[in-house]
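The next block holds one structure in the form of structure tokens; read it before the comments.
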Amino acid sequence: MAADSRKIIIIAAPSGSGKTSITRFLLQKYSALCLSISAATRQPRGEEKDGVHYHFISEAAFKQKIEANAFVEWEMVYEGSYYGTLKAELDRIWQLGKTPILDIDVKGAIHLQDQFPNQCLSIFIEPPSVEELKKRLESRGTETPESLANRVNKASYELSFKTHFHKTIVNADLAQACAETEAVIKEFLGW
Ligand code: 5GP
């Protein structure tokens, strides 16, 4: 693939905004899109598998990769938990002739856009309200009261960055948000 055809689609949103459901919808529909699997230092949750949801690695291994310049971006997204996009992962996807979709946090998304200004489409998925987001996270049942509070606080902060993104899509209705995201991506990729 020529360098300028190496596109990147970034989908960022506060946790609980529905971006994982939207990303899953896109990946099921378009085989030319491929999820970029990040490295992460947190423990796997529920059914999560190493190499499928994340490359789960130790903090020491993560820091070695930072030193080795193996990441295009990384962040300590939550206190004590590092997440990062590996250069090798983007290369792997581009070599397949596909376009990577990155489900990453807001700061990581902004860093990445700065590095690849001509190749990125950045989409911010916005919850209808912080109250609604809190309800969604509670019903997911995966959070402790402490991690829930942490995620809700962080969401309010992340919402303040939405103007940095190419497109903002409000997820009040999942099917509609999926359709809007799909349309924006098709336009960007010239499909
Ligand atoms: P979770 O722990 O719920 O899987 O993810 C927490 C947050 O980390 C989500 O907002 C997710 O998008 C973000 N995240 C996942 N992978 C990466 C990454 O490689 N880089 C950055 N900056 N954030 C990531």
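The values are calculated or read from the model by the stated rules, or taken from the named source; none is laboratory data. Note that this is a predicted model, so its numbers are computed, not measured. Ideal geometry is used to build each Cβ from the backbone, glycine not excepted, and the neighbour counts take in all protein chains shown. What goes into the accessible areas is simple: the full protein's heavy atoms, side chains included, and nothing from ligands, DNA or RNA. Shrake-Rupley method; radii C 1.70, N 1.55, O 1.52, S 1.80 Å.
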One residue is enough: does the stretch 53-66 have a residue meeting the conditions within 13 Å of the ligand (Cβ to nearest atom) and at pLDDT below 95? yes
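Going through THR181, THR163 one at a time, which residue ends up being part of a helix (DSSP H, G or I), at negative phi, open to solvent by less than 40 Å² (accessible area, probe 1.4 Å) and among the β-branched types (Val, Ile, Thr)?
Numbers: THR163 fails: open to solvent by less than 40 Å² (accessible area, probe 1.4 Å).
Exactly one of THR181, THR163 is part of a helix (DSSP H, G or I), at negative phi, open to solvent by less than 40 Å² (accessible area, probe 1.4 Å) and among the β-branched types (Val, Ile, Thr), namely THR181.
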Restricting attention to the stretch 120-159, which residues are open to solvent by 80 Å² or more (accessible area, probe 1.4 Å) and among the small types (Gly, Ala, Ser)? SER139
Residues in the stretch 31-52 that are among the hydroxyl-bearing types (Ser, Thr, Tyr) and either in contact with a Leu (Cβ under 7 Å, 6 or more places away or on another chain) or more than 12 Å from the ligand (Cβ to nearest atom) (or both): how many? 2
Anything in the stretch 76-88 that is modelled with pLDDT of 95 or more and within 6 Å of the ligand (Cβ to nearest atom)? List them, or say none. TYR83, GLY84, THR85
Filtered residues of the stretch 17-35 (kept if over 23 Å from GLU138 (Cα atoms) and of a type outside the set (Lys, Arg)): LEU26, LEU27, GLN28, TYR30, SER31, ALA32, LEU33, CYS34, LEU35
